[in-house]
Amino acid sequence: MEQDFDALKLENQLCFPLYAAAKEVVKKYNPFLSEIDLTYTQYIAMMVLWDKQEISVKELGEHLYLDSGTLTPLLKALEKKGFVTRQRSEADERVLIVKITDDGLKLREKAVSIPEQVGSCVKINSDDAKELYRILYKILGGLKNE
């Protein structure tokens with residue numbers, strides 16, 4: 001009878017170690033990100049902007065798996081810090097475009113060592129890290145297609 005409830009045991013949930021590991025890894029970022037005045041979510045948005053330079057809010061949300069309700073205050077904060085600008089697209093005023101500023105690009109120089117610093121805190125070999133990355137993106141892909 002008790003085994004009928006095994007699915008409700010925490011140790012049988014895939015979601016829990018994903019959640020807990022993500023939370024703990026993000027916590028490792030905080031000391032490094034505080035040095036450059038970014039939250040983790042601002043940091044991942046800046047990572048996309050360092051790569052793309054200019055992107056619509058909708059596309060940024062797709063890259064980060066975030067909705068506009070989360071992105072709007074995040075982008076306002078980044079704009080206030082002088083790292084991005086937001087403006088309506090000339091082609092379609094319904095589209096909001098985010099552009100990185102010169103100060104935002106300069107921030108990349110301060111952030112370049114963060115992945116390695118955090119990576120040294122996470123005790124996993126490179127083969128396991130690559131496999132975990134592959135599996136996590138497989139999960140994300142499966143969830144996105146539903």
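Taking the criterion of being over 30 Å from L14 (Cβ atoms) and surrounded by 12 or more Cβ atoms within 10 Å (Cβ to Cβ), would at least one residue in the range 125-137 satisfy it? Looking through the range 125-137, none of the residues is over 30 Å from L14 (Cβ atoms) and surrounded by 12 or more Cβ atoms within 10 Å (Cβ to Cβ). Within the range 54-87, the set of residues being open to solvent by less than 80 Å² (accessible area, probe 1.4 Å), of a type in the set (K, R) and within 15 Å of T39 (Cβ to Cβ) comprises K81 only. Between L78, L136, L140, the distinction of being within 19 Å of V26 (Cβ to Cβ) and in contact with a strand residue (DSSP E or B) (Cβ under 9 Å, 6 or more places away or on another chain) belongs to L78 only.
Would you confirm, using the coordinates I've provided, whether D37 is open to solvent by 50 Å² or more (accessible area, probe 1.4 Å), touching a residue at least 24 places away in the same chain (Cβ under 8 Å) and of a type in the set (D, E, K, R)? Against the criterion (open to solvent by 50 Å² or more (accessible area, probe 1.4 Å), touching a residue at least 24 places away in the same chain (Cβ under 8 Å) and of a type in the set (D, E, K, R)), D37 qualifies. Restricting attention to the range 114-140, the residues that are part of a loop (DSSP other than H, G, I, E, B) and touching a residue at least 24 places away in the same chain (Cβ under 8 Å) add up to 2.
Please verify whether the range 88-111 includes one or more residues that are of a type in the set (G, A, S), farther than 30 Å from F16 by Cα, out of contact with any helix residue (DSSP H, G or I) (no Cβ under 9 Å at 6 or more places or on another chain) and open to solvent by 80 Å² or more (accessible area, probe 1.4 Å). Yes, because at least one residue in the range 88-111 is of a type in the set (G, A, S), farther than 30 Å from F16 by Cα, out of contact with any helix residue (DSSP H, G or I) (no Cβ under 9 Å at 6 or more places or on another chain) and open to solvent by 80 Å² or more (accessible area, probe 1.4 Å). If D51 satisfies every condition in (1) assigned to a helix (DSSP H, G or I); (2) open to solvent by less than 40 Å² (accessible area, probe 1.4 Å); (3) more than 14 Å from I114 (Cβ to Cβ) but one, which is the exception? So the condition that D51 fails would be (2). Test L49 against the criterion of being within 10 Å of the chain's Cα centre (by Cα) and of a type outside the set (K, R), and give yes or no. It is false that L49 is within 10 Å of the chain's Cα centre (by Cα) and of a type outside the set (K, R).
For every residue, the table says whether it meets (1) in contact with a Cys (Cβ under 8 Å, 6 or more places away or on another chain); (2) over 20 Å from I139 (Cα atoms); (3) part of a helix (DSSP H, G or I); (4) free of Cβ contacts under 8 Å to residues at least 60 places away in the same chain.
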{"residue": "A21", "(1), (2), (3), (4)": "no, no, yes, yes"}
{"residue": "E24", "(1), (2), (3), (4)": "no, no, yes, yes"}
{"residue": "L33", "(1), (2), (3), (4)": "no, yes, yes, no"}
{"residue": "A77", "(1), (2), (3), (4)": "no, yes, yes, yes"}
{"residue": "D92", "(1), (2), (3), (4)": "no, yes, no, yes"}
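The one condition from (1) at pLDDT 90 or above; (2) in contact with a helix residue (DSSP H, G or I) (Cβ under 9 Å, 6 or more places away or on another chain) that V122 does not meet is (1).
The values are calculated or read from the model by the stated rules, or taken from the named source; none is laboratory data. The shown structure was predicted, so the numbers you read here are calculated from the model rather than taken from an experiment. Don't worry about glycine lacking a Cβ; one is built from the backbone with ideal geometry, like all the others, and counts go over all protein chains shown. Each accessible area value is taken on the protein alone, full model and side chains, heavy atoms only, with ligands, DNA and RNA left out. Shrake-Rupley method; radii C 1.70, N 1.55, O 1.52, S 1.80 Å.
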